[in-house]
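Every read-out reported here was derived from the displayed coordinates using simple, explicitly stated rules and does not represent laboratory data. All of these numbers come straight from a predicted model, not from anything done at the bench. Cβ placement follows ideal geometry from the backbone for every residue including glycine, while neighbour counts extend to all protein chains displayed.
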Amino acid sequence: MPIVRWDPFRELVQARDEIGRWFGEFPGRDKTERKSAIWAPDVDIKETEKEVVVRADLPGIKMEDINVSIDDDQLIIKGERKFEKEEKDKDYIRVERSYGSFYRSFDVGVPIKADEVKASYADGVLEITIPKAEVKKPKKVEISKKES
């Protein structure tokens, strides 16, 4: 069963961005101002027989600014994309990349081996491998006919 997370703010942010494009930049707005949109990295989640693999796009974020944790059967990814302050040319025409803190959490939905979870980060992609715990199957009890 795939895990799909509905983000109620995604459509709201997209609508705001579209309205912003209709009206262009507001007069008096600082062009270097950080984008104040709520943002969250895009995530792919794949489930196999033995594990759940989560891949999150985190381009431009340093590994030390990312935190991954497991709480019961919930995966938590949080971190921060920092605004680059040392810019030679500060006359931006447009700033569209989102900056600031992000937080994503997912109920894994299956029993997991929390102590064996592994995470790696390369080329702006965080990959988390979550091994599944074996599910105890119910034991069938045979019923015998009682002799009277």
*Which order do Leu75, Leu126 fall in if you start with the one that has the fewest other Cβ atoms within 10 Å?*
Leu126, Leu75
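So, by mean Cβ neighbours within 10 angstrom, what's the order for 133-141, 42-50, 65-73 with the highest one leading? It would help to have the intermediate numbers written out before the result.
Working: 133-141: 6.9, 42-50: 11.9, 65-73: 13.6.
Ranking the peptides 133-141, 42-50, 65-73 by packing returns 65-73, 42-50, 133-141.
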_Residues with amide H under 5 Å from that of Val95, placed H, sequence gap 5 or more_ = none
*Give me Ile130, Ile93 ranked fewest to most by other Cβ atoms within 10 Å of their Cβ, as a rough exposure proxy.*
Ile93, Ile130
*Each residue of region 134-142 in order: what ³J(HN,Hα) in whole Hz does its phi give by Karplus 6.51 cos²θ - 1.76 cosθ + 1.60, θ = phi - 60°, with x for Gly and Pro?*
6, 8, 6, 8, x, 8, 7, 9, 6
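Please arrange Phe102, Phe9 by counting, for each residue, the other beta carbons lying within 10 Å of its beta carbon, fewest first. Please list the in-between numbers first.
Details: Phe102 19, Phe9 12.
Arranged by neighbour count, lowest to highest, Phe102, Phe9 become Phe9, Phe102.
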_Three semi-axes of the equivalent ellipsoid, region 52-128, Cα gyration tensor, whole Å, largest first_ = 31, 12, 10
